[in-house]
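Step one of this worksheet: look at the structure below.
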There are 2 protein chains.
Amino acid sequence: MDLKNAPITLAEVADAAGVGESTVSRVLRNHGSFSEKTRARVMAAVDKLGYVPNKIAGALASTGTPLVAIIVPSLSNIVFADVLSGVTRALEVRQKQAVFAVTEYDPMREEALVAAVLAWRPEAVMLVGLEHTEGTRKLLRAAGCRVLELLDIDGEPIDIAVGFSHRSAGRATAAHLIEKGYTRIAYVGHDMERDTRSAKRLEGFVEQLNQAGLTLRDREIRNAPSSVSAGKAGLANVLSRSPDVDAVYFSNDDMALGGYFHCLSVGIPVPDRLAIIGFNALDICRHTPQPIASILTRRVEIGRRAAELLLEDAPAQTVDVGFLLVPGETA
Amino acid sequence: MDLKNAPITLAEVADAAGVGESTVSRVLRNHGSFSEKTRARVMAAVDKLGYVPNKIAGALASTGTPLVAIIVPSLSNIVFADVLSGVTRALEVRQKQAVFAVTEYDPMREEALVAAVLAWRPEAVMLVGLEHTEGTRKLLRAAGCRVLELLDIDGEPIDIAVGFSHRSAGRATAAHLIEKGYTRIAYVGHDMERDTRSAKRLEGFVEQLNQAGLTLRDREIRNAPSSVSAGKAGLANVLSRSPDVDAVYFSNDDMALGGYFHCLSVGIPVPDRLAIIGFNALDICRHTPQPIASILTRRVEIGRRAAELLLEDAPAQTVDVGFLLVPGETA
DNA sequence: TTGTAAGCGTTATCAC
DNA sequence: GTGATAACGCTTACAA
């Protein structure tokens, strides 16, 4: 075991194997030609010395970097974690490294983080959503790397977009409630300035209501990230303001769960007295005493698909992976 | 807007500013001395050209890399996402980049990922837990970078460990149930081979029971990752086998939530007929109709603390951030 | 205060 | 099939 600071270099391996540096490089990358005998000699030296190739040097010498940057708004929301899982699993197969950052839903921070990751010359940058600052766009354009925008397709993508239409999801949700005969419908949501996708869902939702001659009976928008407690408090407020509401659309399943818990706590019969519908179809909401109605989104699939498109060097395009309304027992 | 492929280089900035390359380098890193006038000239050129320094080249030229590798078992568990948040937030301040990978609880995969990530010569590698393959240890030792092991301190750390004692947490949980007067206690857990920390908790739990002259009335171990549905199914099995059980310890809050939902569904009074206690004190479990008793773990704090120790180049040490038993209404 | 030049550890382009 | 050697784009002495 060597406790020396300096890691082994290609040159040392070449020396130990009694071959040239380029030969070692060829063998290690299995590229170009070399005899089986040299290969064995090189590998023996590699094993003996415990050589780990320096990709920093490799990246600088070759043209591209096997690095993919992934910038997400948050990690406390399982949705982004799922997307990230899909991405990293697909990248791992091709030996690409994920470089990663969290914006906390702040566009300016996103811009700064994009600049930071661009310094690593990634072959691609993955972002969530289609809304970015002009600065971010400019940086990305100048960098000339692939850009993948995930989870949303309602807008103008920079390069590749993989996701689904939140506006359609909102419409589908409204259509479902309308079909079920609910007419006095309210909305309980979280901070929409930061989460533009939830705003798009609400837009579609209201559009569909209007089309059916209905309007939103009440709306409660919490000035906070989505959470169970925000959903709980939000529903309580709506019910005290508009006691006649018969269905509530929550901005997502965390919020819906809070609403559902509120109903359980104070004994409001669901869905007879009040229907509840959320968004994302989180695992938890499939296992509550009554499964909560929601929209199933294919999050891992979105991550995986995006990574694949990148790896196969697909042309600019927008991929709609769709969504699925899952009725549950609450609406 | 230039659509040329080749990104701007330091040399081009130097030319544009009419200064030498090293001057640009000094100005950009705010290191060494230069006049205010040159600084202005350089910055003007940087802005004009939209120069983004190439950290790959920078890292190769200087000794260290401002890269920190973070390898977690999973992302679907919010616990690791929380730790990751803490780490990235702390790193961002110091302009360090996180490079990241997911093991899916597979030690061999962890080893492969450590090798992959070491190729980027990170200044540190962060891992979850203290159990790693001999190969992983060897790689890490040879690399000579800092190693931070998170979330567990029951064992021999390689370098720095930040976490708490799962064994103690298990004991504390048992002590709480015993104090509350429960005597017919069962355990419902998930896949322990993969999650060694849950095994340690159970060990401590049983130790404490035995010390009080009690034994585990029943134990149900699902051969699957933790989930709400596994908790639900697990509790159902336990109750059909051992109907007289009066309290159940779940391997974590996801599982406990499933158990709690089962009780709500079939009308088992909690905690009068059955007490429930989990682990992690997830936000959701604080907002169920009855808050679920659990152990609060300081996950974000663990990530943050680890990053800080790394940044201040602290010596090898073990930091116990502790945990807190939160009673709730279910136990 | 500033510029020149020698690396950093690879890959890639040549000859041989 | 193999080995010099020139990049790659920066940082960092060392000179000026």
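The values are calculated or read from the model by the stated rules, or taken from the named source; none is laboratory data. Here the structure is a predicted model, which means the values were calculated and not measured. Note: ideal-geometry Cβ built from the backbone for every residue, glycine included; neighbour counts use all protein chains shown. Remember, those area values only see protein heavy atoms, side chains included, never the ligands or the DNA or RNA. Shrake-Rupley method; radii C 1.70, N 1.55, O 1.52, S 1.80 Å.
Tabulated data for the structure shown
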| read-out | value |
| --- | --- |
| Segment A:56-67 residues that are within 7 Å of another protein chain (Cβ to nearest Cβ), paired with ones that are more than 6 Å from DNA strand C (Cβ to nearest atom) and of a type in the set (D, E, K, R) (beta carbon under 7 Å, 6 or more apart) | A:Ile56/B:Arg121; A:Thr65/A:Arg121; A:Thr65/A:Glu123 |
| Filter result for the condition that a residue is in the same structural domain as B:Ala124 (by TED's automatic domain parsing) and either of a type in the set (Phe, Trp, Tyr) or in contact (Cβ under 8 Å) with a residue 12 or more places away in the chain (or both), over B:Val42, B:Val79 | B:Val79 |
| Residue in segment A:237-283 that is nearest to the chain's Cα centre (by Cα), counting only those that are touching a residue at least 60 places away in the same chain (Cβ under 8 Å) and part of a strand (DSSP E or B) | A:Asn280 |
| Residue match in segment B:213-236 (condition: in a helix (DSSP H, G or I), of a type in the set (A, V, I, L, M) and surrounded by fewer than 22 Cβ atoms within 10 Å (Cβ to Cβ)) | yes |
| Matching residues, segment B:15-29, being of a type in the set (Asp, Glu) and over 16 Å from B:Gly50 (Cβ atoms) | B:Glu21 |
| Verdict on B:Ile78 being within 30 Å of the chain's Cα centre (by Cα) and modelled with pLDDT of 95 or more | no |
| Counted residues, segment A:300-319 - those being open to solvent by less than 30 Å² (accessible area, probe 1.4 Å) and within 22 Å of A:Lys96 (Cα to Cα) | 7 |
| Failed criterion for B:Gln290 (all others in (1) assigned to a loop (DSSP other than H, G, I, E, B); (2) not assigned by TED's automatic domain parsing to the domain that holds B:Ser229 hold) | (2) |
| Checklist (1) open to solvent by 20 Å² or more (accessible area, probe 1.4 Å); (2) outside the structural domain of B:Leu127 (by TED's automatic domain parsing) applied to B:Val248, failing item | (1) |
| Residue match in segment A:40-60 (condition: within 14 Å of DNA strand D (Cβ to nearest atom), open to solvent by 30 Å² or more (accessible area, probe 1.4 Å), basic (Lys, Arg) and more than 19 Å from the chain's Cα centre (by Cα)) | yes |
| Residue list for segment A:186-228, filter: of a type in the set (A, V, I, L, M, F, W, C) and modelled with pLDDT under 95 | A:Met192, A:Ala224 |
| Total residues in segment B:133-170, condition away from chain A (no Cβ under 13 Å), hydrophobic (A, V, I, L, M, F, W, C) and buried (at least 20 other Cβ atoms within 10 Å of the Cβ) | 10 |
| Total residues in segment A:5-39, condition more than 10 Å from DNA strand D (Cβ to nearest atom), surrounded by fewer than 18 Cβ atoms within 10 Å (Cβ to Cβ) and assigned to a helix (DSSP H, G or I) | 4 |
| Top-ranked residue of segment B:257-271 - restricted to ones that are more than 10 Å from chain A (Cβ to nearest Cβ) and touching a Ser or Thr at 6+ places or on another chain (Cβ under 7 Å), ranked as nearest to A:Ser265 (Cα to Cα) | B:Val270 |
| Answer residue from segment B:99-112, given it is at the interface with chain A (Cβ under 10 Å from one of its Cβ atoms) and crowded, with 23+ Cβ neighbours inside 10 Å and is farthest from B:Phe279 (Cα to Cα) among those | B:Phe100 |
| Residue count, segment A:61-91 (criterion: within 16 Å of DNA strand C (Cβ to nearest atom) and surrounded by fewer than 20 Cβ atoms within 10 Å (Cβ to Cβ)) | 5 |
| So B:Phe80, is it of a type in the set (Phe, Trp, Tyr) and more than 8 Å from every other protein chain (Cβ to nearest Cβ) | yes |
| Number of the exception - B:Leu130 against (1) open to solvent by 20 Å² or more (accessible area, probe 1.4 Å); (2) in contact with a Gly (Cβ under 7 Å, 6 or more places away or on another chain) | (1) |
